[in-house]
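What follows is a single structure, written as structure tokens, with notes after it.
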């Protein structure tokens, strides 16, 4: 549990020059990727014309401007005012969550790109080159481009759903919606990414369900790594598990959380910050949470303040990470047996809905949206009928899971029925 791996500071001239060199290299790499990934205009038959020098320059310039903008804000945040106009001198804290989230996204994008190259592989004879794959590499580059669309759509969607779930807090100050800080919600990111992917397929004239079949398992790969980041930062934590639970974990506060070098990082876990202000009571041995004092129960905030860590809680982040890994491997193996486009996509929707709903039963972060919270905001007189710890106090994620499972099952049934009795499909369709 390392919320911060280490903290880079840039006080010396040498370190400042090195950061400038790295920023310049990043901008150059982003610009080069824009040049390399340029595509020619679409023809009426869906194919693309050869890319022109002008198209490459325009794309490279666009990517260069985006890279320069990112570099500007990064340098302004990291460098002191003496090394960069208006610099804040905050340095660069390397958060475990951010590093694992980025790693998960990178792995998912490149695995999806490789699968796309295999899916659309088309070997043809080319004079002077022999037999070459004329379609796969192009599709691979398209899926890598899709990663940018998915990243933007996912970030917007996850932020929007977080604001909706916590609207009571944002309604007090609407300008806080545009603050750089704040949380993200996976389901919102999934919805936003799906909409962005659908728009991408329309622009590039691709079959959305065919693309979804190869890309959706990689979402589980990225999420498996991302949930390890959640575990490291202590967010999305579980409910009290009791002092004798074999799998229970405790998340540290800022006074105990260390970096990778064993130094006090000064950044505590989100779980500790939440429980330190929790006025409810808990029976330490069993993990039972109460709203009133009772024999053998202690106030949660007093317990965590005294110990410097959270109560022993269920490691829900690890539960989901393991489940996502199983889901990724299973669907990857099933791809060779799919009978129609959309089958893997449907199975993922259903499988993840079951996984997430199950993990939600062990969650303990009261900040996430629930039916109790919704009633507390809209109809306070009815909130007591749905206690916070009641099994029927479903979360926002469980409600979305129910809708997602229904959609996946409906899609699977309709596509199966449409192809029912067509023996010519066989168990393993051609990737072409």
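The numbers here are math on the coordinates, done by the rules we state, and not lab data. No experiment lies behind these values; they were computed from the predicted model shown. Positions of Cβ are generated from backbone atoms using ideal geometry, with glycine treated the same way; all protein chains shown enter the neighbour counts.
Each of 391, 120 has some number of other Cβ atoms within 10 Å of its Cβ, and from fewest to most they run 391, 120.
If you fit an axis through the alpha-carbon atoms of helix 186-204 and take the longest principal axis of the Cα set of the chain, what angle between them do you get, 0 to 90°, nearest 10? Taking the Cα atoms of the chain, the angle to 186-204 is about 10 degrees.
Among 352, 187, 29, 77, a tally of other beta-carbon atoms within 10 Å of each Cβ gives an order, fewest to most, of 29, 77, 187, 352.
Above 14 Å, the calculated P(r) of the range 270-313 contains 39 percent of its Cα-Cα pairs. Between helix 208-233 and the chain there is an angle of about 30 degrees, using the helix long axis and the longest principal axis of the Cα atoms.
Between 0 and 90 degrees, the angle of helix 343-360 with respect to the longest Cα principal axis of the chain falls at about 10 degrees. Quick one: pull the percentage of alpha-carbon pairs in the range 1-90 with a separation above 15 Å. Cα-Cα pairs in the range 1-90 separated by more than 15 Å: 68 percent.
Once both labels are positioned 7 Å from their Cα atoms along Cα-to-Cβ, the gap between residue 103 and residue 152 label points is 2.9 nm. The calculated FRET efficiency for residue 58 paired with residue 291, based on their beta-carbon distance and R0 = 56 Å, is about 0.35.
Seen from every direction in turn and averaged, the convex hull around the alpha carbons of the chain projects onto 27.3 nm². Across the range 213-277, the volume of the C-alpha convex hull divided among the residues equals 134 Å³ per residue.
Counting neighbouring Cβ atoms within 10 Å and putting the fewest first, the residues 200, 72 line up as 72, 200.
Between residue 384 and residue 42, residue separation times 0.36 nm minus the direct Cα-Cα distance comes to 117.2 nm. Counting only Cα atoms, the size of the range 82-127 along its three principal axes is 61, 29, 10 Å, in decreasing order. Annotation for residue 11 and residue 49: the two label points, set 7 Å from Cα along the Cα-Cβ direction, are 5.9 nm apart. Computing FRET efficiency as 1/(1 + (r/R0)^6) for residue 121 and residue 90, where r is the C-beta to C-beta distance and R0 is 51 Å, gives about 0.60.
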